[in-house]
């Protein structure tokens with residue numbers, strides 16, 4: 001055990017679709033690091049049958065994958081234990097948001113990466129923008145695809161560096177048509193969802209803005225660490241902006257499926273505003289055991305979803321939802337409440353509309369944001 | 001960044017321009033935020049690949065200093081040499097137009113062509129800037145691939161200079177890049193942060209900070225260009241306009257509204273998201289003088305906050321706001337409500353209530369007054 005090793009550094013190669021060249025660029029950098037004398041291994045690499053990319057692995061040591069049997073089939077996953085035993089300086093790990101097959105020690109690959117970093121190993125990894133949790137609804141709106149394999153934003157925020165791997169959509173479509181990215185059948189299917197031109201352009205814009213945000217957030221963090229000695233941040237293009245005040249956001253959690261969207265949205269706004277973020281569910285029965293199982297499971301699921309995104313979440317007991325929410329909000333200095341917009345045709349819409357009205361009427365000292373479900377264009 | 005989304009009329013004009021511009025060349029720009037990130041290599045490498053695929057590629061301009069990798073590629077592509085005017089090199093536009101290749105590679109878009117001694121009786125035979133040369137090539141149907149650093153974009157120059165403390169003379173207007181068919185960010189962040197495994201000195205830290213700010217500016221500029229492409233694509237195909245990633249905040253003001261906190265919050269949110277801020281007012285007939293004065297005050301606050309101001313017309317205020325918001329791809333509507341006695345009873349069917357119910361796919365943020 002070497003508990004004193006400083007945590008490894010994490011670098012994320014961010015793209016907006018398969019085939020933009022993330023893995024290629026990551027491997028090129030790995031080769032460069034090896035040339036500089038660092039001890040580089042490949043922990044996981046997905047060749048996708050692309051010869052150019054495969055050629056970039058030449059001369060790099062690969063840690064053999066681990067085989068796991070699940071329901072009669074054999075799956076291959078990254079062998080984290082073997083990498084830890086080998087203890088390289090730098091490890092290449094493709095497909096950061098990957099979900100491990102059941103029976104693996106950890107559910108998500110990013111959790112494996114976390115272990116490598118803890119052991120002081122630097123990690124290079126790849127991901128596409130559509131896997132970022134807070135953009136899930138937006139990506140669905142753009143592409144019609146509900147991405148299931150997501151990665152919480154804070155995991156990416158912890159990376160030391162996020163680099164955008166950019167390629168013009170036209171060039172990407174060319175590659176797809178030339179069969180560089182996928183096999184012909186898969187390419188045909190891809191053209192119907194993520195690879196429609198408008199979808200690619202929209203995803204690309206998301207990725208560019210997200211990368212800019214990641215760059216800015218790291219800079220803010222550094223400026224904060226370096227404290228008073230550093231130069232003041234440059235004023236924005238057209239002069240000063242009002243001094244920021246501290247925002248605190250409270251998200252109302254219910255059992256309704258729309259809650260996931262409100263949580264993502266509220267958390268995203270909180271991240272951009274550097275605001276604290278809480279999530280609260282209110283039930284007239286305060287202890288989870290006494291709440292009917294169906295309701296309780298849905299509430300717990302949503303509260304846990306919030307916790308996974310690093311939101312402080314809890315269940316409160318209260319007869320009157322609006323009053324309980326606002327009391328909690330006042331006690332905690334909340335400046336902004338996030339609620340779901342009632343969907344007119346859904347059961348309980350009348351009650352929830354009432355809730356929105358009550359909260360708005362009671363919130364004399366804070367802003368209330370009503371979040372509508374995003375629609376497919 | 002003050003990027004304004006074009007109005008539908010402007011978009012229509014753009015689309016029409018695009019349609020009769022079928023024979024125009026395409027402009028592709030490799031955008032970097034510092035020298036040495038590899039823009040030139042990416043450009044020449046693309047030229048080489050296109051040539052291998054059978055396109056007619058020539059080089060129109062090379063930087064005086066090139067890396068070994070680049071020099072190797074250049075040997076494989078035809079070069080139309082720079083010509084000298086009064087001893088200074090400029091791109092040889094007459095020769096390029098005569099040669100009329102499919103694609104022309106122009107390394108270094110920001111370049112001032114030498115100014116000739118002013119002789120009012122002689123017509124000037126060349127443009128004063130290289131981007132104008134490129135514009136001429138495009139107009140003649142030659143596609144251009146080019147490179148530029150963020151510091152040479154006219155509207156960003158001042159801001160970049162405060163970071164780099166370096167003055168640059170030659171610039172390219174931002175609008176020229178906004179009209180590019182493709183823009184690619186060459187985002188290879190400074191080595192020091194990741195590969196500096198040991199500790200880095202104060203100087204490195206300052207340099208890293210400067211580079212990361214330049215990087216952010218470059219990424220956002222590219223995002224703005226991409227946003228425009230998306231808009232024009234969607235308009236051309238008659239699709240919904242809400243796919244963009246840019247946050248657009250619409251603050252609704254009335255004479256009686258407590259507008260300042262809403263506008264200030266809108267500004268702060270727009271800055272944080274690098275989005276757009278719009279302040280809208282629905283015109284009402286026969287305003288009393290004190291209401292008119294209050295409204296003028298609100299609009300002055302909006303102007304000071306660098307908001308776009310929109311005066312909407314419509315018999316029905318709520319509908320006018322919602323139509324406008326949908327049209328412009330607004331993502332957040334800010335509205336105020338006044339807390340008066342019996343407010344709850346009167347909320348149902350109120351403006352705020354109707355905006356909430358009508359704002360499909362948008363957030364509505366209600367501000368207490």
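The values are calculated or read from the model by the stated rules, or taken from the named source; none is laboratory data. Keep in mind that what you see is a predicted model, and the values were worked out from it rather than measured. When we count neighbours, we look across all protein chains shown, and the Cβ atoms used for this are built from the backbone with ideal geometry, even at glycine.
Some observations on this one:
- Residues being in contact (Cβ under 8 Å) with a residue 40 or more places away in the chain, surrounded by 16 or more Cβ atoms within 10 Å (Cβ to Cβ) and assigned to a helix (DSSP H, G or I) - total across the range A:115-132: 4
- Cross-chain or 6+ apart pairs with Cβ under 9 Å, the range B:170-190 first and away from every other protein chain (no Cβ under 14 Å), then part of a strand (DSSP E or B) and surrounded by fewer than 21 Cβ atoms within 10 Å (Cβ to Cβ): B:170/B:112; B:170/B:129; B:171/B:112; B:171/B:129; B:172/B:129
- Options B:247, B:264; residue that is within 12 Å of another protein chain (Cβ to nearest Cβ) and touching a strand residue (DSSP E or B) at 6+ places or on another chain (Cβ under 8 Å): B:247
- Qualifying residue in the range A:211-228 (condition: within 12 Å of chain B (Cβ to nearest Cβ), part of a loop (DSSP other than H, G, I, E, B), surrounded by fewer than 21 Cβ atoms within 10 Å (Cβ to Cβ) and touching a helix residue (DSSP H, G or I) at 6+ places or on another chain (Cβ under 6 Å)): no
- Evaluation of residue A:95 against the conditions (1) in contact with a helix residue (DSSP H, G or I) (Cβ under 8 Å, 6 or more places away or on another chain); (2) in a helix (DSSP H, G or I); (3) surrounded by 12 or more Cβ atoms within 10 Å (Cβ to Cβ) shows that the sole unmet condition is (2).
- Verdict on residue A:303 being assigned to a strand (DSSP E or B) and surrounded by 14 or more Cβ atoms within 10 Å (Cβ to Cβ): no
- The residue that is farthest from residue B:361 (Cα to Cα), among those in the range A:135-166 that are at the interface with chain B (Cβ under 9 Å from one of its Cβ atoms) and modelled with pLDDT under 90, is A:142.
- The set of residues from the range A:133-155 being in contact with a helix residue (DSSP H, G or I) (Cβ under 7 Å, 6 or more places away or on another chain), over 15 Å from residue A:194 (Cα atoms) and not in a loop (DSSP other than H, G, I, E, B) comprises A:133, A:134, A:151, A:153, A:155.
- Evaluation of residue B:209 against (1) within 8 Å of chain A (Cβ to nearest Cβ); (2) closer than 21 Å to residue A:165 by Cβ (one fails), failing number: (2)
- Of everything in the range B:113-128 that is in contact with a strand residue (DSSP E or B) (Cβ under 6 Å, 6 or more places away or on another chain) and surrounded by 15 or more Cβ atoms within 10 Å (Cβ to Cβ), the residue that is modelled with the lowest pLDDT is B:126.
- When B:251, B:226 are checked against the criterion of being in contact (Cβ under 8 Å) with a residue 24 or more places away in the chain, crowded, with 23+ Cβ neighbours inside 10 Å and closer than 27 Å to residue B:30 by Cα, B:226 stands alone in meeting it.
- Taken together, the residues in the range B:46-69 that are closer than 13 Å to residue B:106 by Cα and either buried (at least 18 other Cβ atoms within 10 Å of the Cβ) or in contact with a helix residue (DSSP H, G or I) (Cβ under 6 Å, 6 or more places away or on another chain) (or both) amount to 8.
Results for (1) within 13 Å of chain B (Cβ to nearest Cβ); (2) surrounded by fewer than 22 Cβ atoms within 10 Å (Cβ to Cβ); (3) at pLDDT below 90; (4) not in a loop (DSSP other than H, G, I, E, B), shown as yes or no for each residue.
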{"position": "A:323", "(1), (2), (3), (4)": "yes, yes, no, yes"}
{"position": "A:328", "(1), (2), (3), (4)": "no, yes, no, yes"}
{"position": "A:338", "(1), (2), (3), (4)": "yes, no, no, yes"}
{"position": "A:353", "(1), (2), (3), (4)": "yes, yes, yes, yes"}
{"position": "A:361", "(1), (2), (3), (4)": "yes, yes, yes, yes"}
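- Condition broken by residue A:47, with the remaining ones in (1) modelled with pLDDT under 90; (2) assigned to a strand (DSSP E or B) satisfied: (2)
- Index of the failed condition, residue A:112 passing every other in (1) touching a helix residue (DSSP H, G or I) at 6+ places or on another chain (Cβ under 6 Å); (2) within 28 Å of residue B:180 (Cβ to Cβ); (3) buried (at least 23 other Cβ atoms within 10 Å of the Cβ); (4) away from chain B (no Cβ under 14 Å): (2)
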